[in-house]
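Here the structure is laid out as structure tokens; the discussion comes afterwards.
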Amino acid sequence: MKLSQLRILVAVAEQTTFSDAALYLDMSQSAVSHSISALEDHLGVVLFSRGRHGARLTPVGSRIVGYARTILQQAEAIAKEADLARGLQGGQVRIASFRSIAIHLLPDAIAQFKHHYPDIAVNLSEHDDYRQVEKALREGRADIGFTLLPTTDEFDTWEVFENAYVALFPPTFKPAGAQITWAELAQHPLIMPPADRIMMRDVYEHIQAYGYQLNVVSEVETDTTIVSLVAQGLGATILPRLAAEPIPAQVQVFALPVPLVRMIGAAVVGDALHTPAIYAFLDVLKTLGHAIAPEPYRATAVP
């Protein structure tokens, strides 16, 4: 006799039909029916009378359902005690992140985590770049941090997802072909984040390696403002895809002629004692990271 069979037994008793119980349990009706039949065979009694009226408990079925509810309640109490012993009831997880991760990934991660562990507080701090995130980890102000990989050996890290740099062009831009060239990027006026931003250093070095210089006409601090200016036709830009989101539909998005990708990872201080809550949050991140698929590059057709 399995706990799953008892859960199905209680569900059929409460829903009064096999089909309604299947919907409630998110199972197929045949799986529900098979489970009840197997339980009846195991016990040697009929638990439900079946007919057009649905499924009604037999007298012995009514008595057994009462015991089943008690067993399920006790099983839940056992699980709660185990969670308490593992540190998954109460406490907190402190997360350090830069803005794009905080906006686009963490809301889903925190929501899923709170669904499973509602009593654990989640504290989120935003930082300007990954170096500040790593500093927060070193100083013990954060338990989990988002940073660029690879990083130093002082951290244990897990890959979360790849974030490619993209070129954003205004609606009126007419590329020579389906893919932009380095020459087109170098000639077009660009609105860029400040050159001293860590994330932009890789961009300038990447393009210079192919013998080109960017025509930067303006530097703007905020990524969302840059994207809005591009949408208004005031220039183009190069940004990590996640930092650029949400991208207006009229903005044309291209991969760089030679791709440049940043691997985003979650990090904890290595050789440190971490609570079960921290590992539970990392498990949620791993699931979300695998679910993230990069959007296809698009270019708005210009007549």
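Here are the numbers:
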| read-out | value |
| --- | --- |
| For the chain, size of Cβ-based charge dipole, Lys and Arg +1, Asp and Glu -1, in debye | 1080 |
| Antiparallel bridge percentage (DSSP; both residues within the chain; nearest 5) | 65 |
| q = 0.17, 0.20, 0.22 Å⁻¹: log10 I(q)/I(0) that the Debye formula gives for the stretch 162-262, counting C-alpha atoms only | -0.68, -0.99, -1.25 |
| Residue of ILE36, ILE226, ILE264 that the Gaussian network model of the chain assigns the largest fluctuation, springs spanning Cα pairs under 10 Å | ILE36 |
| Surrounding net charge for PRO150, when Lys and Arg each add one and Asp and Glu each subtract one, Cβ distance under 13 Å | -4 |
| Dipole magnitude of the stretch 3-81, debye to nearest 20 (Cβ charges: Lys/Arg +1, Asp/Glu -1, about Cα centre) | 240 |
| Dipole of the chain, positive direction: furthest Cα of VAL258, ASN163, THR152, with charges on the beta-carbon | ASN163 |
| Spatially close lysines, pair count over the chain: Cα under 30 Å, gap of eight or more or interchain | 7 |
| Two-site FRET efficiency, ARG131 against ARG52, from Cβ-Cβ distance with R₀ of 45 Å, rounded to 0.05 | 0.05 |
| Rounded to the nearest 20 debye, dipole of the stretch 132-206 from Cβ charges on Lys, Arg, Asp, Glu | 480 |
| Environment charge at ASP119 (Cβ cut-off 12 Å; Lys +1, Arg +1, Asp -1, Glu -1) | +1 |
| All-pairs Cα distance distribution in the chain, expressed in whole percent, bin size 10 Å | 5, 21, 20, 16, 14, 12, 8, 3, 0 |
| DSSP bridge pairs, the stretch 162-262: antiparallel proportion in percent, nearest 5 | 70 |
| GNM flexibility winner over the chain from GLN112, GLN29, GLN132 (Cα, springs under 10 Å) | GLN29 |
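A short reminder: the numbers here are calculations on the coordinates, not readings from a lab. Just so you know, these numbers come straight off a predicted model, no measurement behind them. Cβ sites come from the backbone with ideal geometry, for glycine too, and all protein chains shown count toward neighbours.
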